[in-house]
Structure formats: structure tokens, C-alpha cells
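Below: one structure, written as C-alpha cells.
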Amino acid sequence: MRTLQCWTAIGLVMGFMPTSAQAQAQALAPTQTPAAAERPAPYRQPAAVLARLGDVAIAMNAPGLAPGRTDFTSQAEMEAHLAAIKARVPGVYLGSLGRTAQDRDIPWLVFTAEGHQDIDAIARLDRPVVWLIGQQHGNEPAGGEAMLALASALADGEFAALLDRITVVVVPRANPDGAAAFQRRTGLDYDMNRDHLIATLPETRGVQTAMTRLPPDLVVDAHEYGATGPLRRFGRLAAADQTMLDATHAAVPAEVSALARSAFLPAMAARLEGSTLSSAVYLSGMPPAGPLVTGGTAPGISRNYYGLTGAISILLESRAGGDRDAFQRRVASHYLAAAGAMEAAANDPAALRRTVADARVALAASQEPVAVVFEPEVLPAELHLMDAQTGEPSVEAIELRDSRHLRVTESRPRPRGYLLAPEAASAIEALSIKGARLCAARPQTLEVEAFDVTRTQPITRATREASTLTGALEVRLETRRIAVAEGWRWAPMDQPLASVIAASLEPDSVGSHVHVGLIPVGEDRTAPVYRVMGAPAGDC
């Protein structure tokens, strides 16, 4: 029986935005914050199970961990907590990533040994930049609470030795509207963690705009998974305190994946094990039969998107089983795993910096085909569970559809770049926010590869939240001569965001602008995006 990487178990979690432009996004009716009484009563784990999930012996300073608390940190409490940090440690940078659809602030903090208050000066420090992001999903509070605790610890000196070697960015709560409503989605009622490719939500745009000024070498994204996921199939609860997974998409640079799996994930698992917490690979699917599924390969998922940019990108999902069941333990598992990631970065900052920089150079220089369809290998593994009444541990032999091992089944020759007609405005806007190099296309008549697109399913919320493209549309390439006019844009592939550009513009990339309907397909079935195989069509 093969075990997975260096983790002790396999965990489970079950767990996106609309129209093309920000103005269209904000025109959607915001979700109203429901009263607590309107939410269904949460599942509560039996006392015997909770007895095995005791508090972890570490001190953490966050509002939602105060003695006697029965609820989670409010927006006002979060803002007060961060203001108090800034008051006692003025060298902490405290700023805003913008406002949500419901006009809540999205704060962020930057920690440096020098106490710089200028983001451009921080970017010039030539140290790895570690981004820690909490609560993209508003009803997954443990990660957000852990980010508040980590902010306190970083400010008060617990990790002072690390800050000579790394810069740390903390976004405690990426989705304040969702947190206020205790709902997964944002105030515009879309899943932020499916929006990173198309970048239509104010929350996503705020994060990505800041990242153009302070590009990440490492991103840690904190979520929660449901302990009850295996009940239907196995009649038992998931056991792992924390599940983890790096970026899994065919275009993630191999050297980035290798460093994540050889250095960062083991260090994080060891940090958890040191406090007797278990860890596992993250699962996103628990079908009633057949192989289980690791996290998906869609490029709009944060974990995969940042991997496509060349950064080490790691998802954390702590075990949740009720609103505040074992809450301190859940928060501690995030706190410790993130601490392990920071320590691994500081242990060899040169290796991290070099690996990411080399990966970005290679992405810009690559001549490899564009992977269009790829599928995971099916491998034997073990799933660690616990009895739903007693908490007694057990192990189940399973097969795993493992997205860490992908086989490309369809690819296309890599283009020199893409021409975007004005109708592709959503992609032009999103790529500009991400810092992609775009320029005006030269008016000319040019031979291109056009996308002939047949949509076989209607565009629905499921389309936007899809993790696969099965049956959504069919794509055929046709060689044509087109007239390029004023107002067209040229997106060359000789840049570090080349894989993001391809994932955004190839229609049969999951979550691409055409796939989700942001770029319209004409009556002749042609998408207003064209592949250029010859000379550049613009001067960038």
C-alpha cells in the first residue's frame, strides 16, 4: 500500500463570479447578511469525538480565542485588533486592499525587520515575500483567526529572527462580506476561490493589485474542510487535523512543485506533528464509489493560479465539525502549519528566491506546447478516519485520483501570443490587473488561428464554479486571415505570466473567460481571441 508524500493521513473537504467587468460585478444585488437564527443548526460532534480533539498547548492572541467566546471575530473586532497591533508596533505596515461590494475594508499587513512603510522599498529588499491569506470563504473562520494570531506574533517578536530573511504579508480576512454573513461566497454571491483567473470580484482584484507591487514567492491560503465528508460512503468521520496541497495544474513549473513537495510541505507537516496534530493531503471529492479525488486542477483556484505565476502555492484546510467544535485546535493547526512554511522559507531564502525567479524566466522563455486537457493518475493510498460516535481511529484502503501526478492528453503548439478584439474586454482588464504585459496591436491583415467554439451546455453558476470542463463546450482551430483594427490588444507569451495568459484565453481551459461566458462567442461561433504563431502583432 502506498502512502502519500510524507503525511500521516488523507483528509477531505467539500467545497465564483459573474460578468466581465468590475462595474457589471458591482451591479449585481449584494447578498443580505442573514441573522444567526436563519442559519441551519450546525452538526455537533459527540463528546467522545471532541475528547480526542483537545486544545493545543500554544498561546495565540486573536479576538475569537478569548475565554468564554461563543462566536467569531467581527469586522469591528478585527479592525480594532489590527489597529492595536499598529499602535504598539508602529513599524508594522497596515493598509487596505480596497472595499468589498458591501463596503467593508479588506486590511493587509506587511512585516519587515526594518519596519518599512513604503511598499516599493519593501519590494527592493531582495528577500522572499511570503503571503499568508485567511478566510477567502466566509464560513471557514479558523484560518482567518489564525492569521490574526500570526499578525500578533509577528508584531510582538515571536518570529523576529525570520524577518531578517523573509518579508511576510498577512491578509487576515480576504472575504469580509462572507464572514459577516457566515457564508462561503462574497457579498456579490460568488466564490472568491474560483475568481483568481478571471478577477471580477473586488476582493480578488484587491489582492492581485497588491501582488503586482509585492510579488509573492510563497502563498499560503487557509481554509477549512468538513469532517463529515466521509460519513455517507464510509460511515466514519475524517481524522486529519490539517490537510495540505500545493498547486496542481499541468503548467505549474516542475521546479516549483519539486521545492513545495521536498521542503515546504514536509516542514509544515513536521511543525504540526511536533504538537501532536495530524496532517494529510487535501481531497476535494468524495464520490459514492470509485477513486477519491485530490484538489482540482482549475486555474481559477487560488492554489493553482499562484502556482501558474511561478510562486510556491500551498492550500491549508483544517478539520471543521461544527461552528466552534475544537476551534482552538483548528486555529492552532493553521498557525503551526503557516509557521512551518515561514520557517522553511527563512531556512534557505536563497533557494526559494532562486527557484521562483528561475521558474519565471523559464515561463517567459518556454516553447513547450500549451496543455489543454490533462488527467490525474489513479494511485493506491490510505484514508485515515475516526468512528463517528467514539472517535476510535481506523484506516481505509482507497484509490486516489491524484492531481499531483498529471498526464497531458491534449495540447496545442505554443503561440507567439494572442490578439484580443475589443469584445474581449474582460480578459484585457483582468490581465492588466495581474500585471501582464499588453500593448496596442498594429493594424494589419494577419494570418491567425481562430477558435471555433460550440457551447454544448448553458452558462450557469455551475459553469463558473466548475473544476472540470466536461461537456461544456467544443473547440476547433481554424486558420484565417483577419483584419486587425485600432483598439485591439496584443498579449505576447514571452513573459512570466505566459501560463496565466494561456489559461485565461484558451476557451477550453477550465474557468477561462470564454468558458464562463465573459468573452462572447459570435454568431459564427468565433471567439474574439486569436492565436498568432508568426511574428509579433504588437510592440510590447
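The values are calculated or read from the model by the stated rules, or taken from the named source; none is laboratory data. These figures come from a predicted structure and were not determined experimentally. Here the Cβ positions follow ideal geometry from the backbone for every residue, glycine too, while neighbour counts run over all protein chains shown. Keep in mind that these areas ignore ligands, DNA and RNA; they rest on the heavy atoms of the full protein, side chains included. Shrake-Rupley method; radii C 1.70, N 1.55, O 1.52, S 1.80 Å.
Remarks
- When peptides 63-70, 198-205, 361-368 are ranked by their average number of other Cβ atoms within 10 Å per residue, the highest-first order is 198-205, 361-368, 63-70.
- Label point distance in nm, Ala87-Asn347, each placed 7 Å from Cα along Cα→Cβ: 3.9
- 3J(HN,Hα) along segment 91-106, derived from phi through the Karplus expression 6.51 cos²θ - 1.76 cosθ + 1.60 where θ = phi - 60°, amounts to x, 6, 7, 10, x, 10, 8, x, 10, 7, 4, 9, 6, 9, 6, 10 Hz, with x in place of Gly and Pro.
- Segment 78-121 versus segment 168-242: alpha-carbon centroid distance in Å: 20
- Cut-off under 5 Å, modelled amide H: who pairs with Tyr93 long-range: Val110, Thr112
- Karplus-derived HN-Hα couplings along segment 311-317 (A = 6.51, B = -1.76, C = 1.60, θ = phi - 60°), whole Hz, x at Gly and Pro: 7, 5, 9, 10, 8, 10, 9
- Pairwise FRET efficiency - Thr212 versus Ile482, Cβ, R0 = 22 Å, nearest 0.05: 0.10
- Residue-wise HN-Hα couplings along segment 162-176, as the Karplus relation 6.51 cos²θ - 1.76 cosθ + 1.60 with θ = phi - 60° gives them from phi, are 6, 6, 6, 10, 9, 9, 10, 10, 10, 10, x, 8, 6, 10, x Hz; Gly and Pro carry x.
- Only the Cβ atoms of Lys and Arg (+1) and of Asp and Glu (-1) were treated as charged; on that basis the dipole of the chain about its Cα centre amounts to roughly 200 debye.
- Segment Val378-Asp103, extension gain: residue separation times 0.36 nm, minus the distance between their alpha carbons: 94.5 nm
- Cα-centre dipole for segment 315-407 with unit charges at Cβ (Lys and Arg positive, Asp and Glu negative), debye to 20: 500
- The amide H of His405, built 1.01 Å from its N in the peptide plane, has Glu377 as neighbours under 5 Å, considering only residues 5 or more places off or on other chains.
- Segment 428-452 and segment 462-476 have Cα centres spaced 23 Å apart.
- Accessible-area order (highest first, 1.4 angstrom probe) of the listed residues Phe327, Phe72: Phe72, Phe327
- Magnitude of the charge dipole, segment 234-359, Cβ model with Lys/Arg +1 and Asp/Glu -1, debye to 20: 160
- Furthest towards positive pole of dipole, Gly295, Leu308, Gly321, structure part segment 289-371, Cβ charges: Gly321
- Across the options Ala83, Ala269, Ala427, the greatest Cα extent toward the positive end of the charge dipole of the chain (unit charges at beta carbon of Lys, Arg, Asp, Glu) belongs to Ala427.
- Amide H to amide H, with H built 1.01 Å from N, Arg414 comes under 5 Å of Val370, counting only residues 5 or more places away or on other chains.
- Cα gyration tensor, segment 154-307 - rounded (a/c under 1.5), prolate or oblate: rounded
- Comparing Pro413, Leu438, Leu379 along the charge dipole axis of segment 333-454, the residue lying farthest to the positive side is Leu438, per the Cβ-charge model.
- Peptides ranked, highest mean first, by Cβ atoms within 10 Å: ranges 246-255, 135-144: 135-144, 246-255
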